[in-house]
Amino acid sequence: MDESISLGTIHNLLNDTREQACKINAAQELSKVKEGANDELFQSGKPVLAGLDQHSLYCYLLAAEEPRDAETWAIHLWDLEQQGLHPERIIADGGKGLRAG
């Protein structure tokens, strides 16, 4: 790949892409999710809050968050509720933060 590209250009491209992804994620319509699955994943030892629609396997939540407490989960779940997420049931493990959120 005989192309030269600066770190600043890479930074700008990633920032632009991140902004576009945030807009798309904020506009997602989640009212058709009837059964969800929420859990915490770990990427390179760092926690990521995750949620998916069990029917389609669409990932409606993927958030790198250091605290995995009730408040952090609640904020993300409230945001998803504003996007129409009102499932009939959620499958989750016994994590204290997730359950309390």
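The values are calculated or read from the model by the stated rules, or taken from the named source; none is laboratory data. Values in this document were obtained by computation on a predicted structure and should not be read as measured data. Neighbour counts are summed over all protein chains in view; Cβ atoms, including those assigned to glycine, are modelled from backbone coordinates with ideal geometry. Accessible surface is based on the protein model in full, side chains and every heavy atom, while ligands, DNA and RNA are left aside. Shrake-Rupley method; radii C 1.70, N 1.55, O 1.52, S 1.80 Å.
Placing +1 on the Cβ of every Lys and Arg and -1 on the Cβ of every Asp and Glu, with no other charges, gives the stretch 34-100 a dipole of roughly 120 debye about its Cα centre.
To the nearest ten degrees, helix 70-82 and the longest principal axis of the Cα atoms of the chain are 90 degrees apart. Give the carbon-plus-sulfur fraction of the accessible surface of the chain in %, rounded to a whole number; probe 1.4 Å, heavy atoms of protein chains only. After summing per-atom areas, the C and S share lands at 55 percent.
Give me the distance between the Cα centres of the stretch 1-28 and the stretch 54-101, rounded to whole Å. Each part reduced to its Cα centre gives a spacing of 26 Å. Taking the chain as a Gaussian network of alpha-carbon nodes connected by springs under 10 Å, the highest mean-square fluctuation of the residues ILE75, ILE90, ILE24 belongs to ILE24. GNM on the chain, alpha-carbon springs under 10 angstrom: the most fluctuating residue among LEU13, LEU80, LEU52 is LEU13. Between LEU13 and ALA64, take the C-beta separation as r, use R0 = 30 Å, and let me know the FRET efficiency to the nearest 0.05. That gives a FRET efficiency of 0.95. Summed over the residues of the chain and divided among them, the accessible surface reaches 74 Å² per residue at a probe radius of 1.4 Å. Based on C-alpha pairs under 8 angstrom that are at least 6 apart in sequence, the stretch 34-100 has a relative contact order of 36 percent.
Per residue, the Cα convex hull of the chain amounts to 137 Å³. Along the axis of the charge dipole computed for the stretch 14-101 (Cβ charges of +1 for Lys and Arg, -1 for Asp and Glu, origin at the Cα centre), the listed residues PRO67, PHE42, ILE24 are led at the positive end by PHE42.
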